[in-house]
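The values are calculated or read from the model by the stated rules, or taken from the named source; none is laboratory data. Here the structure is a predicted model, which is why all the values come from computation and not from measurement. Cβ sites come from the backbone with ideal geometry, for glycine too, and all protein chains shown count toward neighbours. Only protein heavy atoms, including side chains, enter the accessible area calculation; ligands, DNA and RNA are left aside. Shrake-Rupley method; radii C 1.70, N 1.55, O 1.52, S 1.80 Å.
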Amino acid sequence: MNYDTALDSAISRLHDEGRYRTFIDIERQKGQFPKAIWNRPDGTQKEITVWCGNDYLGMGQNPVVLDAMHEALDATGAGSGGTRNISGTTVYHKRLEAEIADLHRKEAALLFTSAYIANDATLSTLPKLFPGLIIYSDELNHASMIEGIRRNGGAKRIFRHNDLTDLRAKLEADDPATPKLIAFESVYSMDGDICPMEAICDLADEFGALTYLDEVHAVGMYGPRGAGVAEKLGLMGRIDIINATLAKAYGVMGGYIAASAKMCDAIRSYAPGFIFTTSLPPAVAAGAAASVKFLKTAQHLRDKQQEHAKILKMRLRALGLPIIDHGTHIVPVHVGDPVHCKMISDMLLEQYGTYVQPINFPTVPRGTERLRFTPSPVHTPKDIDALVAAMDRLWAHCALNRAELSA
C-alpha cells in the first residue's frame, strides 16, 4: 500500500467537501480577552475579537485564578510527577475535588485531565461495576459519551433527541431486572437546547435506572452557585453521576465526575483512563479550584453573559438571520452549507477582525453547518455592534453568491 497516497486521498476528501479544518494561530493576551492577536500565515499580525471561545465568562483572565496558579507554580514546580496512584496526588488536587463535590452537593468528586476523558473512562467502566448494564443514550450526546458507551462492550439503546416517548418505549422493552443507566446532557452545545431533565429523572425512578448527566456547557453558567442546570432546576439530588469540565466557564483545564463516595471510589479503582494517566499539574488544579470557588458567588458574571447573549440574538434575528434560540448562552446561526460557512468565517476574520470558527460535519449533521457565537460578559457593546454590522454585510453577500451559483 502507498501510505502517502492514502493520506493524500483522505485529506483531499475533506477539502472537496469544504470541511477541512484550519487552525487559526492566535495569541491570547493577559487582561485583554476577548481581544487577541492573529498570527497570519504570511507572518503579519492583526488584532481580532474572539467570538467562538469556550472561556464563557472570561475566567481564564481572572486575577483570582492567575494568582492561585502563580502561587502553586512557585510552591511546587511545573508537573505533578505521576499518576494519581503514584505520587501525582497533591493538596491542590484534593482541594479541587472538595470544591467540586461541594458545588454539586455530592459526597465526592473525581478529577480527570479533561471532560472528554472523564466521560470516556466512566461510561466505559460502568458495565464492569454493574454486569449486564444497558445504557440509554440521547442521540445527540457528545462524542466522548458516544465513545465511552461504544467501548464498554455492554448493551446500549439510542433514543431520539429529548424524546421522552422514545426513551420510555426503549426502557419498557427491556427486562425490568436488568441494570440501566440514562445518559444525557443538560445544554446541548450546538443548538443550545436543554434536556427535559425532571421528566428523565421521573423515568429513571420508574424503571430503576441510574442517571448520568453531562453539564459541560452549563457549569459555572446556571444555578445560584453555577453548578449547572440541575442546580437551577433543583434536581441535583436526583442525578447519580454528574460530568463536567473546568475548561469552559471555569477558564482553566480538566474534567471531572461528581457522585457518591462509593461511585467515585469504584471508578477510581477500575477505570484505565484514570489509573494510567498523569494527573493535572498542581498549578492547573489550583487555578481551577480558585475559579470554581469564585464563581459560586459571582452571579453578576452569569447575568451579564445572559444579557449579552439575548442582545446578540435579538439583533441578529432583526437582520433576518436564521438564529437557533433555546434561551441559553449559545448563539448558533444556521448556514447549512460547509463551503459558505467557511467563506463567511474567513471573511469575518480577514475583513473585520472577527473570529468565529465554522462548525461542520461530523460535529453537526450535514446540512446543518453553522457559525456558533459565544458572547461573554467582557464583550463590549462596541464589539457587538461591530459583529452585527459585519454579519449584515456578509450575509447579504453570501446570499447573492449562493443565488449566482444555483442560477
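Worth pointing out:
- Considering residues of the range 268-280 that are crowded, with 24+ Cβ neighbours inside 10 Å and of a type outside the set (Phe, Trp, Tyr) only, the residue farthest from residue 84 (Cα to Cα): 271
- Scanning the range 379-407 for residues that are outside any helix (DSSP H, G or I) and out of contact with any helix residue (DSSP H, G or I) (no Cβ under 8 Å at 6 or more places or on another chain), we see that the one that is modelled with the lowest pLDDT is 407.
- Among the conditions (1) at pLDDT below 95; (2) aliphatic (A, V, I, L, M); (3) within 25 Å of residue 237 (Cα to Cα), the only one that residue 109 does not satisfy is (1).
- Any pair with Cβ under 6 angstrom, 6 or more apart, that starts in the range 107-129 at a residue that is of a type in the set (Lys, Arg) and ends at one that is surrounded by fewer than 20 Cβ atoms within 10 Å (Cβ to Cβ) and modelled with pLDDT of 95 or more: 128/270
- Which listed residue, of 43, 53, 60, is in contact with a Gly (Cβ under 9 Å, 6 or more places away or on another chain) and assigned to a loop (DSSP other than H, G, I, E, B): 53
- Screening residue 376 with (1) surrounded by fewer than 16 Cβ atoms within 10 Å (Cβ to Cβ); (2) in a loop (DSSP other than H, G, I, E, B); (3) at pLDDT 95 or above; (4) of a type in the set (Gly, Ala, Ser) gives one miss only, at (1).
- Candidate set from the range 236-249 (those that are in contact with a Phe, Trp or Tyr (Cβ under 9 Å, 6 or more places away or on another chain) and not polar (S, T, N, Q)); member that is most open to solvent (accessible area, probe 1.4 Å): 240
- Scanning the range 63-110 for residues that are among the small types (Gly, Ala, Ser), open to solvent by 50 Å² or more (accessible area, probe 1.4 Å) and assigned to a helix (DSSP H, G or I) turns up 75, 98.
- Verdict on residue 251 being modelled with pLDDT of 95 or more and at positive phi: yes
- Within the range 187-194, one or more residues are under 24 Å from residue 378 (Cβ atoms), of a type in the set (Val, Ile, Thr), outside any loop (DSSP other than H, G, I, E, B) and touching a residue at least 40 places away in the same chain (Cβ under 8 Å).
- Unique residue being buried (at least 21 other Cβ atoms within 10 Å of the Cβ) and touching a Cys at 6+ places or on another chain (Cβ under 9 Å) when the list is 284, 335, 292: 335
- Scanning the range 1-30 for residues that are in contact with a helix residue (DSSP H, G or I) (Cβ under 7 Å, 6 or more places away or on another chain) and loosely packed, with under 11 Cβ neighbours inside 10 Å gives a single hit, 30.
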